Each structure stands twice: as structure tokens, then as C-alpha cells.
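These notes are about the structure you will find just below.
The values are calculated or read from the model by the stated rules, or taken from the named source; none is laboratory data. Just so we're clear, the structure is a prediction, and the values are computed from it rather than from any experiment. Positions of Cβ are backbone-derived with ideal geometry, glycine not excepted, and every protein chain shown enters the neighbour counts. For accessibility, only protein heavy atoms count, side chains too; no ligands or nucleic acids. Shrake-Rupley method; radii C 1.70, N 1.55, O 1.52, S 1.80 Å.
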Amino acid sequence: TVTPLIQSISMAFNRREAALRALASYRSAMYHVYMAQSSWNWGECGKKGGRRSCVENIDDLKSVQKEEEMKEGCDGSGEDATSLPPKPIDWLNHADNLLCQLIHLSDCLSQYLALPTASRTHHRATKLGEREAKTLVFTGRKIFALNAAGRIFMISQLTEALKYRGLPGNEASRIRQWEQYLSVSMENMRLIKEYRTPQSLRLFGRVFTLLLPPLYATSFAQIAIDTESIVFGCIIGAVTSLALTSLFEAVRQLEDPFARGFTFDGIDVTEELQVLAYEELMVARSMVFPDAEEFVLKEDTKAKKAVGLDRKSRHYCEDCARIINTS
């Protein structure tokens, strides 16, 4: 009984370590994608001054002007776009659009990973469990496919905008590689979330954890006779049963390594994806654009309504923050 349980614990810990590696790869790739799109310059490649000298395309300005005139109901008699001076590209706006997509991507991934698992035994064996599993699977796939995967596409389009404005193909290829790391890491975490260790091992451990202690009752009685202490025999029986139950509970707890909030062995996805990842991106923005206004997270790149979450870390210390601000 102990050997299959130990094997199950080993497999569960390996899944947890794989989830940690995927999470580290995701956060690293996200940070590098932002730094590349917000700060990389291609002036050394002979692109007429690189990022700083880029101006908006005249044809693009004409298209935008026509759309604005149609919305406002103008007759098109205003100043033509070709007569306007060259308009520098707003790189801060480009970087903030990317920042919105990355933050929303991490928030959606955190929400998905924090959902309850839908692959336990009662989700297959009972009708109530089947209904619960369908609800969880539908909700999870809606979050992952429609939100998370859609954000990857928008990030890819922002890279295309850089290529359109002069980013060399070799540097764009490196950004594409980091985008792939984002996608692969997300898929790895999704598979760990949805699939579990072998059911046969868990079933074996569950059954024999319950049946084995009663079968050894005669051995516990013999221990009590040999030691002339019935209390000692009962203690040995209770400790044996408790040890087997604890091993099986450890397997059950590690089946889903992701958790919302603090757990002893689980991965706190809220802290990692909604707090720490956000703070890293804000630090990077302040370094690239030191004179920029405070960042406001929006629902999408065109929405005016700002959204936000409580991103205070569970390790936040008001006294420490006060000392840092005054120093």
C-alpha cells in the first residue's frame, strides 16, 4: 500500500515542479516581450534613425481622418492629412496597449488556473458530479480560449505593427520566439490543470487505506498482549491508520498544484500572475518611460473605462513601505 502511495506523491510533486517551470517561463517571456516592444531600437541597422525617427504613414493618417469624419458627420472639407507635418509615432501608447494585453492575459490565466478541478472521481461517477464538471469545464475553456488565447493574437498583431514601422525581421523573429514561449507555457499549465495522475493508483490507495488497518487488527491485538498494554496496541493501530490516511491526503492535495491564495504546497497563482507579474511590468514601464503619466488599465485598447483589481501582495508590509518611501 505504501509503495503506490509514495509513487503517487512523487508523480504529484513532479507535476508541481513542471507547473513552476512553466510559470517561470511564462513570466520571463512576458517581461521580455514588453521590453522588446517598448525599448528596442533599430537605428544601427540603417533604418533612417530607427525608432526615434519613425513617423505615421500618410495613407494611414488619411484612413483615420476619413473614419473620424464619417463618425462626426463632416463633409470632408477639413484640412487634408497630406498637408499636415509628419506626425511622430506615439511609442508610449503602443507600449501601453501591449501592457494592457499582457496584464489582462495574466489575469485571465490566473482566473482559469484558480478554478476548482473537474477531474475527480465523483465528476465521472455521479450525475451531480457530471453537472459540476460540465460547468467547470465550460467556464474554464471560455476563459482560456476566448480570453487568454485571444490576447496572444492581439500581442502578435502589435509585433506586426512594429515590423510595419521598420523593425528588422531578425529582431521580430526573436519576439515571435518569446510569444511562442508564452503560448507553450500556458498550454503546459492548462494540461497540468486538466489532467491528473493515474486513476488506478489513486483508487488502490483509497481502498487499501480504508481496508488495511482492520485486516491488521489481530497484529495490533498481539502487540497489546505482548506488551501487556491495550493502550499501546490501540496507539499503534491509530498511528498506522493515520499515517496511511495522511499519505493519501497528500496525494489528493497535490493533484491540482494551482491554488487561489496561500497554501502550504500549492502555487499561489493570484500572487504570481496578478501581483508580482503586474509589479514587474510597472517597474519596466517606469524605466523605459520615466516621464510618463500613471498607467491606467483599460478593458481593451479602445475602451475608455478603466478596470482594476486589488493587487496588494499578501507579503505587503505597511511599515516597510513607509520606511522605503521616506528613505
Quick one: which residues, 5 or more positions from residue 258 or on another chain, have an amide H under 5 Å from its amide H? H modelled 1.01 Å from N in the peptide plane, none for Pro or chain starts.
267
Please identify every one of the trypsin sites (Lys or Arg not before Pro) in the range 154-257 that sits in a loop by DSSP and has no more than 15 other beta carbons within 10 Å of its own beta carbon.
none
Charge dipole (the range 162-304, unit charges on Cβ, about Cα centre) - positive-most of 211, 296, 181:
181
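Could you please state how large a percent of the accessible area of the range 177-272 is carbon and sulfur, counting protein chains only and using a 1.4 Å probe? Show your work: numbers first, answer last.
Numbers: 3760 of 5580 Å².
Taking all protein chains in place, the range 177-272 shows 67 percent carbon and sulfur surface.
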Over the range 159-267, give the accessible area per residue in Å² for a 1.4 Å probe, as an integer.
58 Å²
Going by amide H atoms built from the backbone, whose H comes under 5 Å of the H on residue 298, apart from near neighbours?
307
Could you tell me which GluC sites (Glu not before Pro) in the range 214-301 are loop residues by DSSP with no more than 10 other beta carbons within 10 angstrom of their beta carbon?
228, 293, 294
